[in-house]
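The values are calculated or read from the model by the stated rules, or taken from the named source; none is laboratory data. Keep in mind that what you see is a predicted model, and the values were worked out from it rather than measured. Ideal geometry is used to build each Cβ from the backbone, glycine not excepted, and the neighbour counts take in all protein chains shown.
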Amino acid sequence: MTLHEIRKLLDAEVLIGEDQLGMEVNTAFVADLMSDVLAFATAGSLLITGLTNPQVVRTADVLDIAAIIMGRGKRPSQETFQLAEEVNIPILTTKYILFEIAGRLYARGIRGCIEKVGSK
Amino acid sequence: MDLESIVKALNLKVRSGEDKLKAEIRGGYTGDLLSDVMANSNEGDVWITRQVHQNIVAVASLKEHAGIILVHGSEPAKDTLEKAVKGGVPIMVSDLPGFEVIGRLYALMNKTG
Amino acid sequence: MGGNFDNAGEVSSNIKTVLKQIGLPKDVIRKAALVAYESEINIVSYARKGMIRLRVVPDSIMIEAIDEGQGIPDIEQAMQPGFSTANQKIREMGFGAGMGLCNIKSFSDVFHISSEVGKGTHLRMIIRASSAVLNS
Ligand SMILES: Nc1ncnc2c1ncn2[C@@H]1O[C@H](COP(=O)(O)OP(=O)(O)OP(=O)(O)O)[C@@H](O)[C@H]1O
Ligand SMILES: [Mg+2]
């Protein structure tokens, strides 16, 4: 799915990354715990979260996450916004809860990151 | 749809609240921040989380959730399990990542309405 | 950098940039950045001040996280998945799941931790470029 299609599907607003909407993604990770994301999320995945602080962007950057989707109508703080612009990671925001976001994306063929990175 | 059919369909392992599996599920909620779940989840939700701290039991019973699904192979902490058993709060576990559990659950719920 | 969350993660981002410039494999960079990041967050969360040291030799990366702070009274306990003393502020930022040290260990090829209560904590991690390439 492209970010463009995802925006439509989730009725989302693109806050950063208008120029990257052609990007294809196939996997996603949903979490509010950054250590959880760090342990499992694979490069090129979507990160679906209810958090909005700059650490979300840092975490995404460290992992080469494709794009961040903020649920529950959350919007990034000013610092988060600036950092995301700096590292050039798309942020989409939607009013849907994380359950709805993940459910819809799964129905359209996006899958979870099952691969366990690291030497577990 | 009740918890029991979810347990079967998603191959969940039940850790507590075996006698409450007939509970009807009204919706789903995902979140790892207790304050968020407190504020925004609804009665009858099944709550999908990675949080294993004992406070999840208190949140689930206060909000009258149908049950808790711990994902990604996480297991309830010892005191969490004790509380859940005592309070009759169903805790189920899955090896799958949260995204997969939600995706499958969402599909089931939308099929049966 | 202890106690100040505003710039937490900046060091790790810098490390990532440097490693990219060197041209190391993506997988290795990711591991190194992740290990540095979890260490950095721990320093900001639990120590007064600290530093991250990066050393790159042809086939491996060494990262050290050295801080002055409260130290860890029981390392075995701290290493257990799920154990955390994180306060509310840390939790609201998405940390405090008690997985950081486990993550650091599992993403490193060599992991060493020592700590003294009231003084500080010292982590030393080695990530081998060669093994990471083979695994990826
Ligand atoms: N540098 C440090 N100085 C003092 N205590 C520390 C330090 N690093 C870790 N600890 C202690 O060890 C515990 C476990 O650390 P760990 O990084 O595994 O989990 P966490 O920081 O609590 O949560 P997470 O890393 O998953 O967000 C911490 O809660 C803290 O009590
Ligand atoms: Mg930590």
For the range C:75-101, what are the residues that are within 6 Å of ligand 1 (Cβ to nearest atom) and closer than 24 Å to C:ARG55 by Cβ?
C:GLY100, C:LEU101
For the range C:105-121, which positions are within 10 Å of ligand 1 (Cβ to nearest atom) and over 21 Å from C:ASN4 (Cβ atoms)?
C:LYS105, C:ILE113, C:SER115, C:VAL117
Residue match in the range A:56-64 (condition: more than 26 Å from C:ALA86 (Cα to Cα) and surrounded by fewer than 16 Cβ atoms within 10 Å (Cβ to Cβ))
no
Tell me, which residue of the range C:1-19 that is more than 10 Å from every other protein chain (Cβ to nearest Cβ) and outside any helix (DSSP H, G or I) is surrounded by the most Cβ atoms within 10 Å (Cβ to Cβ)?
C:MET1
Could you tell me which of the residues A:ILE114, A:ILE65 is in a loop (DSSP other than H, G, I, E, B), modelled with pLDDT under 95 and among the β-branched types (Val, Ile, Thr)?
A:ILE114
For the range A:5-55, name all the residues that are within 10 Å of another protein chain (Cβ to nearest Cβ), part of a helix (DSSP H, G or I) and out of contact with any Pro (no Cβ under 8 Å at 6 or more places or on another chain).
A:MET34, A:SER35, A:ASP36, A:VAL37, A:LEU38, A:ALA39, A:PRO54, A:GLN55
Residues C:SER84, C:SER115: which one is touching a His at 6+ places or on another chain (Cβ under 9 Å) and assigned to a loop (DSSP other than H, G, I, E, B)?
C:SER84
Counting only residues in the range C:84-112 that are at pLDDT 90 or above and surrounded by fewer than 16 Cβ atoms within 10 Å (Cβ to Cβ), the one farthest from the other protein chains (Cβ to nearest Cβ) is identified as C:HIS112
If you take the residues in the range C:20-44 that are assigned to a helix (DSSP H, G or I) and among the small types (Gly, Ala, Ser), which one is nearest to ligand 1 (Cβ to nearest atom)?
C:SER39
A careful count of residues in the range A:31-65 that are more than 18 Å from B:HIS72 (Cβ to Cβ), without any contact (Cβ under 8 Å) to a residue 24 or more places away in the chain and among the charged types (D, E, K, R) gives 1
Those residues of the range C:30-56 which are at the interface with another protein chain (Cβ under 9 Å from one of its Cβ atoms) and out of contact with any Ser or Thr (no Cβ under 9 Å at 6 or more places or on another chain), in sequence order
C:ARG30
